[in-house]
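J.: Submitted below is the structure of interest, expressed as structure tokens.
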Amino acid sequence: MNDIRRLLMSWLPYLLPVFLLGALWLYLLGTEAPVQWPALGPAPAPVAGQAEVAPLAERSVVDLQTYSAVWELPLFADQRRPDPQDPNAGVPPPTLDDLVLTGVIVAPPLRVALLRQSGDQVLSAKEGDVLPNGWSLAQIEEQKVELTYGENRHTLEVSSPKLPMSIE
């Protein structure tokens, strides 16, 4: 008796869900009613005053200038305007070959970059300043600065020459 009971208890977690799913399946098979679709009648008559639509092949091609007001004028709001055009689009940025970062001053309220251009012209600029060649000083760190010109970015680092080791 114990063997049968042990066998039944070991299989019960598997047999119970199978039995319940089978009972549900049989229930659903017996209660299924056939679908009754309504009979199709004649197509409704067109409403008086409704325009007939010409087939696609017979339609005339409409010029896009007819709809130019859609993209030229605001659609829903008076303040809506076209996106401004970037004046620097398509123009290559000025070169930075003649610009050298000579030093950086970083104090908590102050960040200044010291730059040297060709001809020994020295510039000092803070974050956000625009240099004479059009590049803007975006970020100043301890050893480098980041310059931006439109979407172009360039990093200049402080040049620190390494002296050769002397051999004795």
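Every number here is computed from the coordinates shown, using simple stated rules; none is lab data. A quick note: this is a predicted structure, and the numbers were derived from the prediction, not measured. Cβ placement follows ideal geometry from the backbone for every residue including glycine, while neighbour counts extend to all protein chains displayed.
J.: Which residue, chosen from GLN143, ASN133, VAL91, occupies the Cα position most advanced towards the positive end of the dipole of the chain, where the dipole is computed from +1 (Lys, Arg) and -1 (Asp, Glu) charges on Cβ about the Cα centre?
T.: Going by the charge dipole, the pick is GLN143.
J.: Relative to the first principal axis of the alpha-carbon coordinates of the chain, what is the inclination of helix 2-30, with its axis defined by its Cα atoms, in degrees from 0 to 90 and to the nearest 10?
T.: 80 degrees
J.: Only counting other Cβ atoms within 10 Å, I'd like ILE4, ILE105, ILE140 sorted with the fewest neighbours first.
T.: Fewest-to-most Cβ neighbours within 10 Å comes out as ILE4, ILE105, ILE140.
J.: Moving to a separate point now. If amide H atoms are built 1.01 Å from N in the plane of the peptide, which residues on other chains or at least 5 residues away come under 5 Å of the amide H of ALA138?
T.: GLY128, GLU146, LEU147, THR148
J.: Then there's this: Taking 8 Å as the Cα distance limit and 6 or more residues as the minimum spacing, I'd like the relative contact order of the chain as a percentage.
T.: On the way: 138 pairs, mean separation 18.4, N = 168.
The normalised contact order for the chain reaches 11 percent.
J.: Two decimals, Cα atoms only, Kirkwood Rh: what is Rg/Rh over the chain? Intermediate values should be presented prior to the final figure.
T.: Details: Rg = 40.1 Å, Rh = 27.1 Å.
When Rh is taken as the Kirkwood radius, the ratio is 1.48.
J.: Considering only PRO108, PRO44, PRO13, give the residue with the highest GNM mean-square fluctuation for the chain, with springs between Cα atoms whenever their separation is below 10 Å.
T.: PRO13
J.: Taking neighbour counts of Cβ atoms within 10 Å as a proxy for exposure, in what order, fewest first, do TYR149, TYR27 appear?
T.: TYR27, TYR149
J.: Still on this structure: In Å, the Kirkwood hydrodynamic radius of segment 1-45 over pairs of distinct alpha carbons?
T.: 14.9 Å
J.: How much of the calculated P(r) for segment 100-157 lies past 20 Å, in percent of all Cα pairs?
T.: Cα-Cα pairs of segment 100-157 separated by over 20 Å account for 16 percent.
J.: Using modelled backbone amide H atoms (1.01 Å from N, in-plane), which distant-in-sequence or interchain residues come within less than 5 Å of THR102's amide H?
T.: The list, which skips near neighbours in sequence, is LEU114, LEU115, ARG116.
J.: Just rank VAL158, VAL61, fewest to most, by other beta-carbon atoms within 10 angstrom.
T.: VAL61, VAL158
J.: To continue, here is another question. Quick check on the chain: helices-only [θ] at 222 nm, where DSSP H runs of length 4 and up contribute -39,500 (n - 2.57) each and the sum goes over total residues. Nearest 500, please.
T.: On the way: 2 runs with 34 residues, N = 168.
Value at 222 nm, helices only: -7000 deg cm²/dmol.
J.: May I ask you to compute the full-extension gain from TRP37 to ARG153, defined as 0.36 nm times their residue separation minus their alpha-carbon distance, rounded to one decimal in nm? Working shown, then result.
T.: Values: separation 116, 0.36 × 116 = 41.76 nm, distance 6.77 nm.
Taking 0.36 nm per residue and subtracting the Cα distance, the gain is 35.0 nm.
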